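Any read-out appearing in this document is the output of simple, stated calculations on the displayed coordinates, not a laboratory observation. Since this is a predicted model, take the numbers as computed values, not measurements. Note that we place each Cβ from the backbone using ideal geometry, even for glycine, and neighbour counts take in every protein chain shown.
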Amino acid sequence: MKNQSFIRKLGYALSGFIYAVKQEHNMRRHLVAALLAIWVFAWAQPAAIWWALISLCIALVWAAELINSSLEALIDHLHPQIHPQIKHVKDMLAAMVLVLSIAAVIIGLLALYSCL
């Protein structure tokens, strides 16, 4: 994939995102949550810094879910049998998404509180 155009690389990235949304239930949930957050922010009209923070949170949660989903798929492909250590790895990946999701909710609530 080296020395390919930016447009081609962007196409690969978009293809990966679309695949994740189609295949992963949690990715669809995060997408709906992001759209809801944007709608609430548009209604509440917080300061620009809050928009920046919630945008960063949305991007981090999506990135974490993409990492989680891709690593789980790779692990399942390479080692389809149940193994205690693999379970711990998958649990930690899920925890990464959970931690970032909780942080996003807290930042969203703080932004809304600042609008009162």
State, in angstrom, two size descriptors of the chain derived from its alpha carbons: Rg to one decimal place and Dmax to the nearest whole number. 17.0, 52
Let me have the 222 nm mean residue ellipticity of the chain computed from DSSP H runs of 4+ only, each contributing -39500 (n - 2.57), with the sum over all residues rounded to the nearest 500. -30500 deg cm²/dmol
Report the residue, chosen from 48, 59, 34, that carries the largest GNM mean-square fluctuation when the chain is represented by alpha-carbon nodes joined by springs under 10 Å. 48
Leaving out same-chain residues fewer than 8 places away, which lysines sit with a Cα under 28 Å from that of residue 90? 22
In region 1-83, the trypsin sites (Lys or Arg not before Pro) that fall in loop regions by DSSP, at most 13 other Cβ within 10 Å: 2
